[in-house]
Amino acid sequence: MTGSLPRYLKKAGNELIVVIPMYSFIDVCKFNVTVAVENLRVQLGKRILICNVNRSALNDNVPVYFIDYKPYFGRPGIYNDKEFGDYSDNPERFTFLSAAALSLCRELNFSPDIVHANDWHTAVLPAYLKRLYTGDPLFSNTASLLTIHNLAYQGRYNRYYYEAAGLGEEDFTPEKFECFGDVNFLKGGIHFADMVNTVSKGYAAETRTEHGGYGLDHYLRIKGDDYVGIINGADYQEWDPATDRLIPENYTAGDMTGKTLCKVRLQSDMNLVNSGNTPVIAVISRLVFQKGLYLLMECIEGILNNMEVQFAILGSGDDPLEIYFRNLQEQYPGRVGSFIGYSNELSHLIEAGSDLFLMPSLYEPCGLNQIYSLKYGTVPVVRATGGLDDTIENYDQNRGEGTGFKFVEATSKAIYGTVAWALETYTLRKPHFKKLIKNGMGKNFSWDRSAEEYVHLYERALENRKGS
Ligand code: ADP
């Protein structure tokens, strides 16, 4: 989102900068990263930290500033490393990022109308603006928007990190940052932000309920109309089978020959039996609980034993899932291809070469792969939750309409039954299956529309700020 939305905002005539950490793995040559500010002073609570700030530009000249502070960001991982889990000083790392972003604005004399914070990591920004920067003319009219990408991650830590962030005792209360004696950064952000949104209307509704609210539903409910859902756009510059440079043949809804060739390449690259008639089901995912893959684990062997189908699986994450899906390939040679790891290139080939795309998520704030799948003529099979429910229209067997197959229950039985339904449609109701493909390829989830909605939210945030 941070890679795409700014480009569209800029196209619509807005001036903006993006601020992110200078992670050690960022390719300085590829992105033409140069030093922009030396020795920036950043106050974080009682401490003053000194960092450099580098600069690069996204495709359409949106300036991207990288906060270069090696003790925090010069590590191999973003949030964690594989062996030791989350970095224990994450709250310090990201409150520092937030403070540095505002110091950078001062340095550049950049007076933003809006600070757009994302997730708990920068959720302290709205409070900084209202508590620490009110007297600063550069920020006196600055409003804030907080976007929640996944409510399960709230940034809950020992209260020490709240004090270290430099905020006052008066805001360490249950309506603001305090949560059973700890600090909860996301909760504080929800309170202080002038507007809050998440990445689909469906997820906005689910998170207002006790079941989907992860303990914060009450605080989201009391935001009222100031908490909304906006679906993420897809970056069709990268994800369009007509122009995708990472797939062996391009294709369009009008001429699908290329997709057949992509399937041949996929089957060969993933050691699947080369059979054009056998449907291939794709899974590309973080291999974690949220994605419903433990449920898939319970039923995938039944699917393979009873149905004519192949699986192309790409992902990395939890050890038990990695081990299971790696071994499955040996158990079902020629019928299961699995690559455990991260590969953008392979993810494009899988999208293009598969017939169906399975996302059995327990919850899904937005989800991107089902949106890419629509464009690639790879019919989504999804659980009806959050963004998946919002973006996929269920197959209507009577009329032969829809864009995919949906199920409601979070059970392995529901996955099994829905996959069987999809495969039956693929084999026995070919004209219907073709219609689903055509309908999906005609959908447009571009950022243009979502960017417009974000501009509207920024305006509302400014109004709220004036009224506060
Ligand atoms: P989440 O952000 O919860 O992981 P999304 O569907 O919103 O889920 O976005 C995940 C993105 O990351 C998708 O574009 C998906 O294709 C990509 N992705 C996930 N795992 C891998 C992987 N192992 N290799 C390549 N791309 C991956």
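Every number in this text was worked out from the coordinates using simple rules, so none of it is lab data. What you see is a predicted model, and the numbers here were worked out from it, not measured in a lab. Please note: Cβ atoms are built from the backbone with ideal geometry, for glycine as well, and neighbour counts cover all protein chains shown.
If I require 24 Å or longer along the helix axis, counting alpha carbons, and a Kyte-Doolittle average no lower than 0.0, what helices from the chain are left? Use full DSSP H segments.
90-108
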| Once a ≥ b ≥ c are taken as the square roots of the eigenvalues of the Cα gyration tensor of segment 326-468, is the result rounded (a/c under 1.5), prolate (a/b larger than b/c) or oblate (a/b not larger than b/c)? | prolate
| Does segment 236-296 come out rounded, prolate or oblate, given a ≥ b ≥ c as the square roots of the eigenvalues of its C-alpha gyration tensor, rounded meaning a/c under 1.5 and, failing that, prolate meaning a/b above b/c? | oblate
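For a quick check: sort Trp447, Trp120, Trp421 by the number of other beta carbons within 10 angstrom, fewest at the front.
With the fewest neighbours first, Trp447, Trp120, Trp421 line up as Trp421, Trp447, Trp120.
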| remark: Computed from the beta carbon distance with a Förster radius of 25 Å, FRET efficiency for Asp89 and Arg131 to the nearest 0.05 stands at 0.65
| request: State the Cα centre-to-centre distance between segment 27-60 and segment 417-446 in whole Å. | output: 48
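Counting other Cβ atoms within 10 Å, keep those with at most 13, restrict to DSSP loop, and tell me which GluC sites (Glu not before Pro) in segment 389-468 are left. If you can, show how the numbers build up before the last one.
Values: sites: Glu393, Glu401, Glu409, Glu424, Glu452, Glu453, Glu459, Glu463; in loops: Glu393, Glu409.
Counting only loop positions with at most 13 other Cβ atoms within 10 Å, the GluC sites (Glu not before Pro) in segment 389-468 are Glu409.
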| field | Antiparallel content of DSSP bridges confined to the chain, in %, to 5 | value | 35
| note | Computed about the Cα centre, the charge dipole of segment 318-390 from +1 Lys/Arg and -1 Asp/Glu charges at the Cβ has a magnitude in debye, to the nearest 20, of 200
| request: Quick one: order His121, His149, His218 by neighbouring beta-carbon count within 10 Å, fewest to most. | output: His218, His149, His121
| task | In vacuum, with every alpha carbon of segment 1-129 counted as one equal point scatterer, what does the Debye formula give for log10 I(q)/I(0) at q = 0.12, 0.22 Å⁻¹? Two decimals, please. | result | -0.46, -1.55
| query | For segment 19-97, what's the relative contact order in percent, using C-alpha pairs closer than 8 Å and at least 6 residues apart? | reply | 32
| note | Residues Cys105, Cys299 in order from fewest to most other beta-carbon atoms within 10 Å are Cys299, Cys105
| note | Over 27 Å (Cα to Cα) among Lys406/Lys443; Lys10/Lys70; Lys263/Lys291; Lys201/Lys438 -> Lys10/Lys70
| query | Under the definition of Cα pairs under 8 Å and six or more residues apart, what whole-number percent is the relative contact order of the chain? | reply | 13
| Residue-count net charge about Arg55 - beta-carbon cut-off 13 Å; Lys, Arg +1, Asp, Glu -1 | -3
| query | What's the Cα-based Rg to Rh of segment 67-113, Rh via Kirkwood? | reply | 1.10
| query | What does the charge add up to near Asn344, with Lys and Arg as +1, Asp and Glu as -1, over the other residues with Cβ less than 13 Å from its Cβ? | reply | -4
| Over segment 257-397, what per residue volume does the convex hull of the Cα atoms give, in whole Å³? | 110
| note | Percent relative contact order for segment 383-468, counting Cα pairs under 8 Å at least six residues apart, stands at 22
| request: Grab the other residues whose beta carbon is less than 15 angstrom from that of Ile190, score K and R as +1, D and E as -1, and report the net. | output: -1
| field | Dipole magnitude of the chain about its Cα centre (Cβ charges: Lys, Arg +1; Asp, Glu -1), debye to nearest 20 | value | 520
| note | HN-Hα couplings for segment 358-373 via Karplus (6.51, -1.76, 1.60; θ = phi - 60°), in whole Hz with x for Gly/Pro, come out as 9, 9, x, 4, 6, 8, 8, x, 9, x, 10, 5, 5, 6, 4, 4
| request: Would you mind checking which residues have amide H under 5 Å from Ala143's amide H? H placed 1.01 Å from N; only 5 or more apart, or other chain. | output: Ile114, Val115
| task | Please work out the Cα center distance from segment 262-311 to segment 129-152, rounded to the nearest Å. | result | 45
| field | Gyration tensor (alpha-carbon) shape descriptor, the chain, a/c threshold 1.5 | value | prolate
